[in-house]
Every structure is written in structure tokens, then in C-alpha cells.
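K.L.:
I am attaching a structure below and will ask some questions about it afterwards.
The values are calculated or read from the model by the stated rules, or taken from the named source; none is laboratory data. Predicted, not measured: the structure shown is a model, and the values here were computed from it. Reconstructed Cβ throughout: ideal geometry from the backbone, glycine too, with neighbour counts over all protein chains shown. For the accessible areas, the whole protein counts, side chains as well, though only heavy atoms, and no ligand, DNA or RNA atoms are used. Shrake-Rupley method; radii C 1.70, N 1.55, O 1.52, S 1.80 Å.
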Amino acid sequence: MYVAVKGGERAIDNAHAFLAEERRGDPAVPELSVAQIREQMTLAVNRVMAEGSLYDPDLAALAIKQARGDLIEAIFLIRAYRTTLPRFGASRPVDTGAMACERRISATFKDAPGGQVLGPTFDYTHRLLDFKLLAEGEAPVAPTAAPRRELTPHITEFLNKDGMIEVEVQSDVTPPDLTREPMELPADRALRLQSLTRGDEGFLLGLAYSTQRGYARNHAFVGELRIGTCSVEMEIPELGFAVEIGELTLTECETVNQFKGTKTEPAQFTRGYGLVFGQTERKAIAMALVDRALRWKELGEDDSGAPAQDEEFVLMHADNIQATGFLEHIKLPHYVDFQSELELVRKLRASAADALREAAE
Amino acid sequence: MTDPTDPTERKGWLGLLAKAPPATLAALWEGAPDHEVLRAPETGAVMVQGRMGGTGAPFNLGEMTVTRCSVRLPSGEVGHGYVQGRDKDHARRVALIDALMQGPGAADLRARVLEPLALAAARKAEDRAAKAAATRVEFFTLVRGED
């Protein structure tokens, strides 16, 4: 039960003024610009766009500044903002096969056509603090080589040719949208993927890791991980044809998983899929592993009771804004609730004390 | 001479203009022709879709900000701008150029605006691709010392 209590107004105003001063920090240190966050804290910006479920680097950078670097708070700001936008429509599905890849690796095929392209990665760095970054230096320049002009084919295509891997069902069915209709379970794969791509990176990482440690083990290989830009095309009603309206950086992960086969289907590899806004590869890999674990039913696998197989558990707890909203609300005034609990505990203690006294007599 | 009313042509310039950095387009074209505003610039969201496994059934990936605007020139041509982001001037500029591209000024606009934009976009893409290419792994096998 909640009862409106007045009297906090001045305290709240002053708390927000204190927050603003703390956000700025030491005025002797130059103020951080939104453009600096966008350009130099890019991976934080990407995470806020992915989990905020709105691709707009400037707004994500602004949200990070406003939230003092608290990324879940920044995601909350973006989620709130997006509810104010009118929906113009849906894009055509992005063609990741036409991605201009800046990074593209496969853990399964060394000599994949298109090559192993490392891109701007933390992999193979020594994870030693670089004290040179303490000082302002010249902007580094990356070396170049003759650029690839052809499209980079998806690696699963090669396995497809031999029937060694399941084929994705072709369809153009309009997918369900959890931002329009409340999510209902059981969810189909389209709804699960929408929920996972905007889900909390840490939560998905933990679940994906649990599948690797043996909870719903399905032994995933990263068939392909690619990061790059894709054009977004949208049907414009006034024009009567589709035009490109922009360009996004995306991370795509396709896993190749063991599948023993069933009575009707021969043994072949199955797939898990991750696609996330921005350069967000940890999230994309985790998404692919969790997607694959959640597919146990359609693949006729056993329910081992693992958390990553439990659709209700995964989908209802993956959203960090829902989670933080419910978690953090318990710090807000619950005086009346607590008062009644207090009364109850006092009564219980009193009756227990009476019972003790009676027993002693 | 290309036909400015050809939809494939129009699709091409609208995509090029939408993807151009707003500041680059503003620097290339400062026109302010008379026009009637059919739809004032407004910002909204477009739900971006992906496909399962890259090739399968569609799913909703998340939204992107988009700004749109529609204009009509006194000579009757209607132009539309749909651009990524929240830059209203950019959307209006794209709508105006789209309308002008359907009139007698098309060749001039193509040379002064579209071609430089296409060149800049190609250069940028090539520059990123060249940096990526330098990170391509060239495997070589070490000869083993046995036999």
C-alpha cells in the first residue's frame, strides 16, 4: 500500500542539484562533450543503443553523460525517450550478407573465402594497462592494404551446400513486436530473438557461460562472427518503392552446434543466432548460445532443467530496465507497508512470549 | 542523360542523400528554392528487422531514429526526404533536392551535389575496407623438423 506523503519537495530539488554538481565533477577538469563520448567511448555507446533498443549514437552518448556513466541508467533514458517517438514503420530485413565487414572471423574454417579479418579487436592484446594513454598523444593511424571489393559470403553457406547444417526456413511473415504487444509465452523464435538482442549483456553472458559449463550443453563453435555496416532499406508509402534511409553498424554471430539427429532427421549441425546493434561481440556470441539453448523443443532435445533452456526464466529476466525498475523500487518509501509488517512481528513476538510464560507456569 | 523520373534513379539519389553526413550535404548545397511544405520535418522511429541466421524469417532487431519531410515546388514536383537521425534541416534539404532532381536542374545538381557525395561515400568505405584488409590473417605453416 502506498500513501502520498508531502514534504520531500525541497529535499528532492536539492538532491538533484547536488547530482548535477557531482555529474560535472571537479570544474578544474575540462567538461566531457557528448561528441567525445560518442567517438571515444564507442563501445559503451553501442551497448546503450543495443539494450536501449534505439540506434542513435548521439542520443546514446548524451544518455551516458547524463547518467554519469551508469549504462543501465543511460539505457533507461533511451527507453523512455523512444516511447515518445511516432513509429514510421518497419524496415526491410537488413541483409547481413551484404555487410561491409570490418571484422570477420571463423573458429571453424581457417581458409574461409573472404579470409579471417581481425578488425579493431581487443583479442591478442596483452591486457596490460597502457600508461601512454595517460598522456595526450598524436592520433594513431592504422595501416592499410588493398581493400576487398566483393561481398563476404556467410560461412554457413558452405556447410549448407553439403546438407551438413540445418537450413533456415525462408519466410516473410511479419514478426511479433514486444514493444507493441506485451510478451506472451510460449514465445516463437522471432520474439525470443527480439527479447535477447535488447536483453542485458551481463545476464546473457552468465546464461551462455552456464551452457558452456554443462547446463544444457550444446557444444557451440563460432561458425562466424562479423562486424560491419549494413544499409537499412524501407518501403516509403509516398514513393511506392523502397529506399535506403541509413546505415547501421551491426555484430552478427552464427554458431554451429552439435545435433545427434532424430528418427526422422539425420545428424547435422544446428544453428544459434546473434545479431546486435553496434560493435558488441560478447553480447552477440552470448545471444547465439542462448538462442540455441532455447531451441531445444523444436529440435526434439531433452529438457535438462537448465536455466538457459527455460524460456520463462530467460525472457522474463533478460530486460535490465524491467529488472532494475522492480529491484530499485524497494528503496522508495514503503512506510505504511513496513508499519503493518512491524505490527505483525510485534504481535507474533508477543504471542510467542505469552506461550512461553504459560508453559513455564 | 539519365531520366530523372526513373524510380531506380530516384532510389539511388535518395539513398545517397539519406546516408550523407548532414554537414557534408549542407556544405555542398545551400539552396533555398521557393517551396510549399507538405509535411513539416518530423522525427520518429523505424523498427529495423533482421533475419534469423541471416537468411531466415524476419525478427525485430530494434528501432532507429529517422526524420522525414515532404515539399512541393511551385512547378509541381514533390520531394521526399527520409533520413537517419534527428536532423530536421537535413531531411528538408533531402526533400528539396529530391524535388529539384525531377526538374530541369537535375544535371547541375548531379554534378555539384550527388557526384561529390558518391565520391566521398566511396572513399570513406574504401578507407575502412583498406584498414580491415590490413588485419587479414595470412596463415603459413611451419615445416616440422621430423623425417
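K.L.:
Probe radius 1.4 Å, ligands and nucleic acids ignored: give me the carbon and sulfur share of the accessible area of the protein assembly as shown as a rounded percent.
P.N.:
Exposed carbon and sulfur together represent 57 percent of the surface.
K.L.:
To continue, here is another question. Find the all-direction average of the projected area of the Cα convex hull for chain B, expressing the result in square nanometres with one decimal place.
P.N.:
Details: hull surface 57.8 nm².
Orientation-averaged projected area of the Cα hull: 14.4 nm².
K.L.:
Still on this structure, please answer the following. Cα axis of helix A:281-294 to longest principal axis of chain A: angle in degrees, 0 to 90, nearest 10?
P.N.:
Between the helix axis and the principal axis of chain A, the angle is about 80 degrees.
K.L.:
Looking at the stretch B:93-147, which trypsin sites (Lys or Arg not before Pro) are DSSP coil and have at most 14 other C-beta atoms within 10 Å of their C-beta?
P.N.:
Working: sites: B:Arg93, B:Arg110, B:Arg112, B:Arg123, B:Lys124, B:Arg128, B:Lys131, B:Arg136, B:Arg144; in loops: B:Arg144.
Those satisfying the criteria are B:Arg144.
K.L.:
What is the gain in length, in nm to one decimal, between A:Glu361 and A:Glu235 on full extension, counting 0.36 nm per residue of separation less the C-alpha to C-alpha distance? Kindly include the intermediate steps, with their values, before the conclusion.
P.N.:
On the way: separation 126, 0.36 × 126 = 45.36 nm, distance 8.61 nm.
Between A:Glu361 and A:Glu235, full extension yields an extra 36.7 nm.
K.L.:
Per residue, how much accessible area does the protein assembly as shown have with a 1.4 Å probe, in Å²? Each step should come with its number before you reach the end.
P.N.:
On the way: 28260 Å² over 508 residues.
Dividing the accessible area of the protein assembly as shown by its residue count gives 56 Å².
K.L.:
With heavy atoms of protein chains only and a 1.4 Å probe, what residues of the stretch A:146-162 have at least 40 Å² less accessible area in the full set of chains than alone?
P.N.:
A:Pro147
K.L.:
A follow-up question, please. Can you give me the Kirkwood hydrodynamic radius for the protein assembly as shown, using every pair of distinct Cα atoms, in Å to one decimal?
P.N.:
Evaluated on the protein assembly as shown, it is 26.1 Å.
K.L.:
Can you tell me the relative contact order of the stretch A:9-82? Whole percent, Cα pairs under 8 Å, sequence separation 6 or more.
P.N.:
27 percent
K.L.:
Can you tell which of A:Gly8, A:Ile72, A:Gln322 lies farthest toward the positive end of the dipole of the protein assembly as shown, using +1 and -1 charges on the Cβ of basic and acidic side chains (Lys, Arg; Asp, Glu)?
P.N.:
Positive-most Cα among the choices belongs to A:Ile72.
K.L.:
So what's the angle, to the nearest 10 degrees on a 0 to 90 scale, between helix A:57-66 and the longest Cα principal axis of chain A?
P.N.:
30 degrees
K.L.:
Return an integer: the convex hull volume of the alpha-carbon atoms of the stretch A:9-82, in Å³ per residue. Could you put the intermediate results ahead of the total?
P.N.:
Details: hull volume 6.1 nm³, N = 74.
Residue-normalised Cα hull volume stands at 83 Å³.
K.L.:
How many percent of DSSP beta bridges within the protein assembly as shown run antiparallel, rounded to 5?
P.N.:
Given both bridge residues lie in the protein assembly as shown, the antiparallel proportion sits at roughly 90 percent.
K.L.:
Right, next: Could you tell me the distance between the Cα centroids of the stretch B:49-76 and the stretch A:1-76, to the nearest Å?
P.N.:
29 Å
K.L.:
For an R0 of 22 angstrom, estimate the FRET efficiency from the Cβ-Cβ distance between B:Arg123 and A:Glu39 and round to the nearest 0.05.
P.N.:
On the way: r = 19 Å, r/R0 = 0.88.
The computed FRET efficiency comes out at 0.70.
K.L.:
May I pose another question? Rounded to the nearest 100 Å², what is the sum over both chains of accessible area buried where A meets B, with a probe of 1.4 Å? The partial results should precede the final answer.
P.N.:
On the way: alone 23840 and 10050 Å², together 28260 Å².
Counting protein atoms only, the buried area is about 5600 Å².
K.L.:
Which FRET efficiency value, to the nearest 0.05, is calculated for A:Ala352 and A:Tyr124 with the Förster distance at 41 angstrom and r the Cβ-Cβ distance? It would help to have the intermediate numbers written out before the result.
P.N.:
On the way: r = 64 Å, r/R0 = 1.57.
Calculated transfer efficiency: 0.05.
K.L.:
Just to confirm the number: angle between the C-alpha axis of helix A:71-82 and the first principal axis of chain A, 0 to 90 degrees, nearest 10?
P.N.:
Helix A:71-82 sits roughly 80 degrees off the main axis of chain A.
K.L.:
Follow-up question, since we're still on this one. If each residue of separation counts as 0.36 nm, what is the full-extension length gain between A:Gln258 and A:Thr83 once their alpha-carbon separation is subtracted? Could you put the intermediate results ahead of the total?
P.N.:
Values: separation 175, 0.36 × 175 = 63.00 nm, distance 4.09 nm.
So the chain would gain 58.9 nm between A:Gln258 and A:Thr83.
K.L.:
Starting from 0.36 nm per residue, how many nanometres of slack lie between B:Arg72 and B:Arg112 once their C-alpha separation is accounted for? Show your work: numbers first, answer last.
P.N.:
Details: separation 40, 0.36 × 40 = 14.40 nm, distance 2.17 nm.
Extending this stretch completely gives an extra 12.2 nm.
K.L.:
I would also like to ask the following. Return the whole-Å distance between the Cα centroid of the stretch A:162-211 and the Cα centroid of the stretch A:81-97.
P.N.:
Each part reduced to its Cα centre gives a spacing of 17 Å.
K.L.:
To the nearest 20 debye, what is the magnitude of the charge dipole of chain A about its Cα centre, counting +1 on the Cβ of each Lys and Arg and -1 on the Cβ of each Asp and Glu? Intermediate results must be reported in sequence, preceding the final value.
P.N.:
Details: 40 positive and 57 negative charges, 119 e Å.
Dipole magnitude for chain A comes out near 580 debye.
K.L.:
Just to be sure I follow the definition: excluding the sites themselves, where is the longest run in chain A that has none of the chymotrypsin sites (Phe, Trp or Tyr not before Pro) in a DSSP loop with at most 12 other Cβ atoms within 10 Å?
P.N.:
Details: sites that count: A:Tyr2, A:Phe122, A:Tyr124.
The reported range is A:125-361.
K.L.:
If you filter the stretch B:76-147 for chymotrypsin sites (Phe, Trp or Tyr not before Pro), then keep DSSP loop positions with at most 16 other Cβ within 10 Å, what is left?
P.N.:
Working: sites: B:Tyr82, B:Phe139, B:Phe140; in loops: B:Phe139, B:Phe140.
Taking the stretch B:76-147 and a limit of 16 other Cβ atoms within 10 Å, the loop chymotrypsin sites (Phe, Trp or Tyr not before Pro) found are B:Phe139, B:Phe140.
K.L.:
Per residue in the stretch A:114-135, which ones lose no less than 40 Å² of accessible surface when going from chain alone to all protein chains (1.4 Å probe)?
P.N.:
A:Gln116, A:Val117
K.L.:
Using only alpha carbon pairs under 8 Å that are at least six residues apart, calculate the relative contact order of chain A and give it in whole percent. Walk me through the intermediate numbers first.
P.N.:
On the way: 487 pairs, mean separation 63.0, N = 361.
It rounds to 17 percent for chain A.
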